[in-house]
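*Asks:* Once you've had a glance at the structure underneath, I'll fire off some questions.
The values are calculated or read from the model by the stated rules, or taken from the named source; none is laboratory data. Values in this document were obtained by computation on a predicted structure and should not be read as measured data. Every residue, glycine as well, gets a Cβ built from its backbone with ideal geometry; the counts of neighbours run over all protein chains shown.
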Amino acid sequence: MPHRLRDLLARNRDWARSVEARRPGFFTGLLAQQAPQYLWIGCADSRVPANEILGLLPGDVFVHRNVANVVVHSDLNALSVMQYAIDELHVRHVIVVGHYGCGGVTAALLGRRVGLVDNWLRHVQDVRSKHRAWLDALRGDETRLAALCELNVLEQALNVCGTTVVQDAWARGQDVVVHGWVYGLHDGLLQDLEMTVQHTGQVDEAYARALAAVRRRYDASSAAAALVPPPTAPHPRR
Ligand code: CO
């Protein structure tokens with residue numbers, strides 16, 4: 001449903017009016033400061049907008065988005081967002097949010113060439129390589145894709161934990177919790193993958209536990225699928 005640019009500006013005016021009507025002084029109140037509690041690191045996908053999904057207004061969530069919610073150790077953009085959010089805004093929670101049906105993860109899984117972005121998606125292919133034997137044993141590309149979307153969240157959350165920004169915050173006793181969530185395009189719901197880390201000493205155990213939970217879930221559903229007998233052909237093959 002494409003909107004003309006003029007329509008977008010009109011929609012914006014309607015939106016600002018309705019927010020101000022519900023909460024008089026809302027915008028001028030935000031001028032003084034922003035004090036978000038959350039840093040959302042998500043996919044750039046238009047179907048996964050942080051504020052709308054969380055039901056939060058401007059001022060409540062600091063957001064970084066890129067293709068396939070990747071956190072690369074040397075990405076100055078992501079690192080700067082994290083540093084500002086943690087050191088200056090003192091966010092309490094850093095949430096890596098992946099989503100099922102991610103185009104970037106799909107391209108990485110299938111080795112599909114898209115263009116320049118392939119180089120960025122190499123990081124997701126690294127995730128795939130790390131878990132290749134287990135992924136290959138799953139039944140069907142759709143299941144593998146969903147599993148890789150979840151694994152990508154865990155790996156990127158692990159990368160967040162490894163940044164100097166988060167390590168330094170923990171070292172000085174700052175209260176910062178890293179989380180990994182996944183969003184369902186089909187139902188609009190977020191799921192906690194329970195990769196929840198509050199200090200350096202928890203990182204390995206939290207990652208291992210969350211990874212084991214993902215594996216258990218997919219292994220169980222693959223085993224259940226294997227129990228269903230294959231459909232019998234109506235006529236014997238000649
Ligand atoms: Co995506």
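The rows are residues; the columns are (1) buried (at least 22 other Cβ atoms within 10 Å of the Cβ); (2) under 21 Å from residue 213 (Cβ atoms); (3) free of Cβ contacts under 8 Å to residues at least 24 places away in the same chain.
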| position | (1), (2), (3) |
| --- | --- |
| 45 | no, no, no |
| 56 | no, no, yes |
| 74 | no, no, yes |
| 137 | no, yes, no |
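*Asks:* Among the candidates 120, 134, which residue alone is among the aromatic types (Phe, Trp, Tyr) and either part of a loop (DSSP other than H, G, I, E, B) or within 14 Å of the ligand (Cβ to nearest atom) (or both)? Break it down into steps so the answer makes sense when it comes.
*Replies:* Numbers: 134 fails: either part of a loop (DSSP other than H, G, I, E, B) or within 14 Å of the ligand (Cβ to nearest atom) (or both).
Just one listed residue meets the conditions, 120.
*Asks:* Hey, another quick one. Are any residues in the range 23-58 over 30 Å from residue 186 (Cα atoms) and out of contact with any Gly (no Cβ under 6 Å at 6 or more places or on another chain), and if so, which ones?
*Replies:* Residues satisfying the conditions are 23, 24, 25, 26, 27, 28, 29, 31, 32, 33, 35.
*Asks:* Residues that are within 16 Å of the ligand (Cβ to nearest atom) and under 27 Å from residue 145 (Cβ atoms): find the helices (runs of 4 or more DSSP H) completely inside the range 11-115 holding 3 or more of those.
*Replies:* Fully inside the range 11-115 and qualifying: 50-54, 103-110.
*Asks:* Residues to consider are 139, 132; find the one that is over 19 Å from the mean Cα position of the chain (by Cα) and at pLDDT below 95.
*Replies:* Result of the check over 139, 132: 139.
*Asks:* Then there is this: Of a type in the set (Val, Ile, Thr), within 16 Å of the ligand (Cβ to nearest atom) and surrounded by fewer than 17 Cβ atoms within 10 Å (Cβ to Cβ): does that describe residue 153?
*Replies:* Working: of a type in the set (Val, Ile, Thr): yes; within 16 Å of the ligand (Cβ to nearest atom): yes; surrounded by fewer than 17 Cβ atoms within 10 Å (Cβ to Cβ): no.
So residue 153 fails the test.
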